[in-house]
1. Run the quick spin-label model on Met114 and Leu17: label points 7 Å from Cα toward the beta carbon, then report their separation in nm to one decimal.
2. Between Met72 and Leu98, what length in nm is gained on full extension when 0.36 nm per residue of separation is reduced by their alpha carbon distance?
Amino acid sequence: MRKWHRWLSVFFGVFMLWIAVTGVLSQVAVLWPAGAPDPAAQAAATPPAGFECPDGWRCQPPRANATGIRSMVGTFHHLHSGETFGTIGTIISVLSGLALVFFSISGIWLYVQMWRFRSDRKLAPRWFWK
């Protein structure tokens, strides 16, 4: 299991780093503080007088045009999901997600094996090894 864990991490590590960075950038872009609202855009986003949202509907005013890093949220999402690179990019993204699941399970498995080995030898139990 350790051999598979190490060899797959060499290949998928690059893709998982890409996915992690673009995922963080997409969240930073969403959370980035917006500038002062444009009065014209704010007036256009105001619903007409007497408008009420029907029950069960989620009514929102139209979004104002985003500027700066907020305008790149869609780009970061497409890079993050691999859609920008077509079918191959999407397949690599899905395989990287599956690899992450494998690394989580195999890492826990390796840790349990080390824990058992250590307890079989009557060594002092520790959570972490040097």
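1. For Met114 paired with Leu17, the spin-label model returns 2.2 nm.
2. Between Met72 and Leu98, full extension yields an extra 6.7 nm.
A short reminder: the numbers here are calculations on the coordinates, not readings from a lab. The structure presented is a predicted model; accordingly, all values stated were derived computationally and were not measured. Neighbour counts run over all protein chains shown; Cβ positions are idealised from the backbone, glycine included.
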